[in-house]
Amino acid sequence: MYRLIKKKNNVRRGEFYTPHGVIQTPVFMNVGTLAAIKGAVSSMDLKEIGCQVELSNTYHLHLRPGDEVVRKMGGLHKFMNWDRPILTDSGGFQVFSLAKLREIKEEGVYFNSHIDGRRIFMGPEESMRIQSNLGSTIAMAFDECIPNPSTRDYVIKSVERTTRWLERCQAEMKRLNSLPDTVNNKQMLFGINQGGTYDDIRIKHAQTISKMDLDGYAIGGLAVGETHEEMYRIISAVVPHLPQDKPIYLMGVGLPSNILEAVERGVDFFDCVLPARNGRHGHVFTSDGKINIMNAKFEVDSRPIDEGCTCPACRNYTRAYIRHLFKAKEMLAMRLCVLHNLHFYNTLMSEVRNAIDGDYFEEFKKEKLEAWGGRA
């Protein structure tokens, strides 16, 4: 259940009640693709840095260790020792982005594993069964991630098929949740809005899936090559046509500036690999914008990554030391920077919620964007 606490213009502040706890929104979900954050960050670390929701990848976990293995271990929560909400994506994006050979049919998608090349089939029912075995809090519907750009004719046909797949996902989840041995028989389902960069197709699809009474709704197929302005235009067009009493999730986004712009347009949930990926390469977010810790100017810099930050890295280590760790190829360098970046994102969302609660979000957004300049 989603409870809207406050709304001003399109900006929303809410609470989402799940079988694994209440999620305060707007929220950034920390991406742990294979049930672990890349960069040697544990589930205990996630709690320390304020993570509310962990996101894992259906496609990757299906390939290894295998969703049946996770099921035998009691589901993802027990497997990775995490008692807060978990969202699993459907595997659709990975099928379309990683598989070199794939064949889309009405029943689903035939593709080759990016690991060993073996032939695999995944459709709506298979995605739901995998996610049921994982026992995540929130499962995502199986959809087609449309390449950008795509012709209008192709997008229309793809969106119609995605709608049919969503109906099959909903029916299969209902069946799975009714079984006595299901890992999580209160698993929730989010549908995904598609339509490329065609406003009218997006709006029509949003209106169609809104009638299905799902637990939440996502906007997919963005941050895949279109400009930021195009992305903001699509969000602004779609959000008013999605149920306002359900959470709205912008998939795969993004930069801190993108998040603030999307919150202003009514989005509640976010995820992105960016903070962890950037951290592993020494790119860290600060209150003054992003910096590259490996730059020579930080060789004898005794300050923390970001003065005023309370993350484990900033409380204990200097820029000079972390730069040295990268130059020495020590794994600790990646761990500290990933911890910092995720803490930065989680803290940013906490500040966003406080700003909405205090009726100063517009001023907060303006101050943040000015402080980051073009370095966010």
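Brief remarks follow.
- Hey, G266 over 24 Å from G32 (Cβ atoms), within 20 Å of the chain's Cα centre (by Cα) and buried (at least 21 other Cβ atoms within 10 Å of the Cβ) or not: yes
- Scanning segment 49-91 for residues that are over 30 Å from C337 (Cβ atoms) and not in a loop (DSSP other than H, G, I, E, B) yields D67, E68, V69, R71, K72.
- Selection within segment 181-233 - hydrophobic (A, V, I, L, M, F, W, C) and closer than 16 Å to F269 by Cα: M188, L189, F190, I192, L214, A218, I219, L222, A223, M231
- Qualifying residue in segment 331-339 (condition: under 18 Å from the mean Cα position of the chain (by Cα) and more than 16 Å from S257 (Cα to Cα)): yes
- Qualifying positions in segment 90-123 - surrounded by 15 or more Cβ atoms within 10 Å (Cβ to Cβ) and either in contact with an Asp or Glu (Cβ under 8 Å, 6 or more places away or on another chain) or farther than 25 Å from N193 by Cβ (or both): S90, G92, F96, G108, V109, Y110, F111, N112, S113, H114, I120, G123
- The residues of segment 268-289 that are β-branched (V, I, T) and under 21 Å from N57 (Cβ atoms) amount to a single one, V273.
- Flag if R335 is assigned to a helix (DSSP H, G or I), in contact with a Ser or Thr (Cβ under 8 Å, 6 or more places away or on another chain) and crowded, with 19+ Cβ neighbours inside 10 Å: no
A short reminder: the numbers here are calculations on the coordinates, not readings from a lab. Please read all numbers here as calculations on a predicted model, not as lab measurements. Counting neighbours? That spans all protein chains shown, and the Cβs are built from the backbone with ideal geometry, glycine included.
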